[in-house]
Amino acid sequence: MCEAAYAYDYCTVYGVSDSNNGDPLTWSGTTPTCWSIYIMPEIKLWRGREVTITPTSSGSFVNGVWTGTVAVQEEAEDVCLRAADGSGHKGVSNSFDVTPVSYDWNTISSPQT
């Protein structure tokens, strides 16, 4: 994922080419033309595997918040939930661990009638 944030001073230099300038590893000087901009890239690298969850799509969000239950179907560490609406809005949860639930059947009592 690569996003950008505005900065108060020039902090990024970028250039664009359509391959007419050859191998980017050989670029030097003013080839291709470069520009300085007030945008700082925010690059996040993800490593991991997908886990199975239900539901796979949510209901409606209200003021950017969805309320509901998500079940993760397998044990995993550092799980993050990612959401995107297809219109450029996206978010990522804080990470959490999923551990198996274990019950001590000796301490669970039946309801009294």
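The values are calculated or read from the model by the stated rules, or taken from the named source; none is laboratory data. Quick caveat: nothing in here was measured; it's all calculated off a predicted structure. Note: ideal-geometry Cβ built from the backbone for every residue, glycine included; neighbour counts use all protein chains shown.
When you look at Asp9, is it exposed (fewer than 10 other Cβ atoms within 10 Å of the Cβ), at pLDDT 75 or above and not assigned by TED's automatic domain parsing to the domain that holds Asp85, yes or no?
Against the criterion (exposed (fewer than 10 other Cβ atoms within 10 Å of the Cβ), at pLDDT 75 or above and not assigned by TED's automatic domain parsing to the domain that holds Asp85), Asp9 does not qualify.
I'd like to know if region 96-103 contains one or more residues that are at pLDDT below 70 and part of a loop (DSSP other than H, G, I, E, B).
For region 96-103, residues at pLDDT below 70 and part of a loop (DSSP other than H, G, I, E, B): present.
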